[in-house]
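**Q** One structure, pasted below without further comment.
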Amino acid sequence: MFNKIKYLRNFAVIALLAVANVWAQQAQQGVAFVLNSNDDTMSLIDTRTYKEISRERVGREPHHVMLTPDGKSLIVGSVQSHDLMFYDPVTGKFQKRIDKIIDPYQLAFSHDRKWFVTAALALDRVDIYSADDYKLVKRIVTRSGPSHLVFSTDNRHVFVTLQHTNNIAIIDLIDQKLVATVPVGKQPAGIWITPDDKHVLVGVMGEDFVAVVDWRARKVVQRIRTGAGAHNFIPMGDRKRILVTNRAANTVSIIDMDTFKVLETFRVPGGPDCMELTADGKELWVTSRWIQKVTVIDMDTKKIKTQIPVGRSPHGIFFNHHAPRF
């Protein structure tokens, strides 16, 4: 009897370890989150099988996602319902909702975890919240169409593209005021800052280049020709290369952030928009906004590995096992 109990106990331990191992593998791979802006839904995709697990209702017209600084929650901002919805970034389990966050088209946390900033594209303003409790601290009126944003390394400034003008805005977070606008080209969209903090990169969607901005001198110092509709960025995790989608050209380009040269350009169909790169750098996931799919690219061959049907106008995308941002 004793041996039988011991056997059952050992069997139970082994079973629990097996379950824990499966869970750990799932946690490492996890779920891809894709926002379907025109459906008010979010697709949850198994990143191992490339199958949609479920399609969840979220707020009205979701566009972008942002991981909280502690890594415990993924935030979905919805511009028509004026809310933030929080999910477990590994499993996709709903956590909570915060309302009265007006028009959170784009959202980001400062590196020091002090500020949570949103770009209210439809209302022509940038809102600064306390990152601790999401309470509004300052509302800054900008020119038309504040779209994407990025912070300086020292957290002093936030840079915002003004999509319906030809400018980016520079906002001082200490004084909490707009201090400058810099002309960059027609319809600026995505924005990123180089690892050395010297230049801001801007996807000029109404043209075919990425503008390199010396933000301290407040001028464009170079234009990198990538393709029509240069739009959004994701770094490749090595602090040297960055990817940019060229939405009208149906391509993605790799840019060297030291030389500002295009290293490679490859085809991604359907209006490529937002991207996520796996931690090992082997797969690039791209929302193909015009064809209701997510396109997965094999980064060794730069060929399409698979396409996953999702909802209408897929936009923001995230998975937890991504390449480093900085």
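The values are calculated or read from the model by the stated rules, or taken from the named source; none is laboratory data. The shown structure was predicted, so the numbers you read here are calculated from the model rather than taken from an experiment. Methodologically, a virtual Cβ is constructed for each residue, glycine included, from the backbone with ideal geometry; neighbour enumeration extends over all protein chains shown.
**Q** Do you know which residues across region 275-296 are more than 16 Å from residue 321 (Cα to Cα) and assigned to a strand (DSSP E or B)?
**A** 287, 288, 293, 294, 295, listed by residue number.
**Q** Still on this structure: Filter region 142-172 down to residues that are closer than 21 Å to residue 64 by Cβ and surrounded by fewer than 17 Cβ atoms within 10 Å (Cβ to Cβ) and give me whichever is modelled with the lowest pLDDT.
**A** Here the answer is 143.
**Q** Take the conditions of a type outside the set (A, V, I, L, M, F, W, C), at pLDDT 95 or above, buried (at least 17 other Cβ atoms within 10 Å of the Cβ) and touching a helix residue (DSSP H, G or I) at 6+ places or on another chain (Cβ under 9 Å) and apply them to residue 47. Does it pass?
**A** yes
**Q** Would you pick out the residues in region 56-95 that are closer than 25 Å to residue 133 by Cβ, assigned to a strand (DSSP E or B) and without any contact (Cβ under 8 Å) to a residue 40 or more places away in the chain?
**A** Once the filter is applied, which keeps residues that are closer than 25 Å to residue 133 by Cβ, assigned to a strand (DSSP E or B) and without any contact (Cβ under 8 Å) to a residue 40 or more places away in the chain, region 56-95 yields 75, 78, 83, 85, 86, 94, 95.
**Q** Can you confirm whether residue 262 is surrounded by fewer than 23 Cβ atoms within 10 Å (Cβ to Cβ) and not charged (D, E, K, R)?
**A** Taking the combined requirement at face value, the residue satisfies it.
**Q** Considering only region 72-87, state which residues are among the charged types (D, E, K, R) and in contact with a Lys or Arg (Cβ under 8 Å, 6 or more places away or on another chain).
**A** The answer is 83, and nothing else.
Listed here are the residues, each with its yes/no results for (1) assigned to a loop (DSSP other than H, G, I, E, B); (2) among the β-branched types (Val, Ile, Thr); (3) farther than 23 Å from residue 78 by Cα.
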position: 155; (1), (2), (3): yes, no, yes
position: 159; (1), (2), (3): no, no, no
position: 170; (1), (2), (3): no, yes, yes
position: 174; (1), (2), (3): yes, yes, yes
position: 197; (1), (2), (3): yes, no, yes
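**Q** Follow-up question, since we're still on this one. For region 200-213, indicate whether the set of residues that are farther than 26 Å from residue 99 by Cα and surrounded by fewer than 18 Cβ atoms within 10 Å (Cβ to Cβ) is non-empty.
**A** Yes; the residues of region 200-213 include at least one that is farther than 26 Å from residue 99 by Cα and surrounded by fewer than 18 Cβ atoms within 10 Å (Cβ to Cβ).
**Q** Keeping to region 190-239, report how many residues are in contact with a strand residue (DSSP E or B) (Cβ under 6 Å, 6 or more places away or on another chain) and farther than 23 Å from residue 269 by Cα.
**A** Selection size over region 190-239: 15.
**Q** With (1) out of contact with any Cys (no Cβ under 8 Å at 6 or more places or on another chain); (2) within 21 Å of residue 190 (Cα to Cα) as the list, and residue 70 as the residue in question, which single condition is left unmet?
**A** All conditions are met except number (2).
**Q** Name every residue in region 298-326 that is in a strand (DSSP E or B), of a type outside the set (Phe, Trp, Tyr) and within 17 Å of the chain's Cα centre (by Cα), in order of residue number.
**A** Within region 298-326, 314, 315, 316, 317, 322 qualify.
**Q** Separate question: Tell me which residues, restricted to region 225-241, are part of a strand (DSSP E or B) and under 15 Å from residue 193 (Cα atoms). Break it down into steps so the answer makes sense when it comes.
**A** Kept after step one, since they are part of a strand (DSSP E or B), are these residues of region 225-241: 225, 230-235, 241.
Within region 225-241, 231, 232, 233, 234, 235, 241 qualify.
**Q** Considering only region 74-94, I want to know if a residue exists there that is among the hydroxyl-bearing types (Ser, Thr, Tyr), modelled with pLDDT of 95 or more, more than 16 Å from residue 171 (Cβ to Cβ) and surrounded by fewer than 23 Cβ atoms within 10 Å (Cβ to Cβ).
**A** Yes: one or more hits.
**Q** Quick check: is even one residue across region 173-187 within 20 Å of the chain's Cα centre (by Cα) and buried (at least 21 other Cβ atoms within 10 Å of the Cβ)? Quick ask: steps written out before the conclusion?
**A** Here is the first cut: in region 173-187, the residues within 20 Å of the chain's Cα centre (by Cα) are 187.
Those still in the list that are buried (at least 21 other Cβ atoms within 10 Å of the Cβ) too: 187.
There is at least one residue in region 173-187 that is within 20 Å of the chain's Cα centre (by Cα) and buried (at least 21 other Cβ atoms within 10 Å of the Cβ).
A quick yes/no check of all residues on (1) in contact (Cβ under 8 Å) with a residue 12 or more places away in the chain; (2) assigned to a strand (DSSP E or B); (3) touching an Asp or Glu at 6+ places or on another chain (Cβ under 7 Å):
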| residue | (1), (2), (3) |
| --- | --- |
| 49 | no, no, no |
| 54 | yes, yes, no |
| 97 | yes, yes, yes |
| 112 | yes, no, no |
| 122 | yes, no, yes |
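**Q** For region 124-136, what are the residues that are loosely packed, with under 15 Cβ neighbours inside 10 Å and part of a strand (DSSP E or B)?
**A** If the condition is that a residue be loosely packed, with under 15 Cβ neighbours inside 10 Å and part of a strand (DSSP E or B), then 130, 136 are the ones that fit.
**Q** Taking into account only those residues within region 242-264 that are without any contact (Cβ under 8 Å) to a residue 24 or more places away in the chain and outside any loop (DSSP other than H, G, I, E, B), which is farthest from residue 203 (Cα to Cα)?
**A** 263
**Q** Quick check on region 71-83. Is at least one of its residues in contact with a helix residue (DSSP H, G or I) (Cβ under 7 Å, 6 or more places away or on another chain) and either closer than 22 Å to residue 161 by Cα or not small (Gly, Ala, Ser) (or both)? Reasoning before the result, please.
**A** Taking region 71-83 first, the residues in contact with a helix residue (DSSP H, G or I) (Cβ under 7 Å, 6 or more places away or on another chain) are 79.
Within this subset, residues satisfying the condition of being either closer than 22 Å to residue 161 by Cα or not small (Gly, Ala, Ser) (or both) are 79.
Within region 71-83, one or more residues are in contact with a helix residue (DSSP H, G or I) (Cβ under 7 Å, 6 or more places away or on another chain) and either closer than 22 Å to residue 161 by Cα or not small (Gly, Ala, Ser) (or both).
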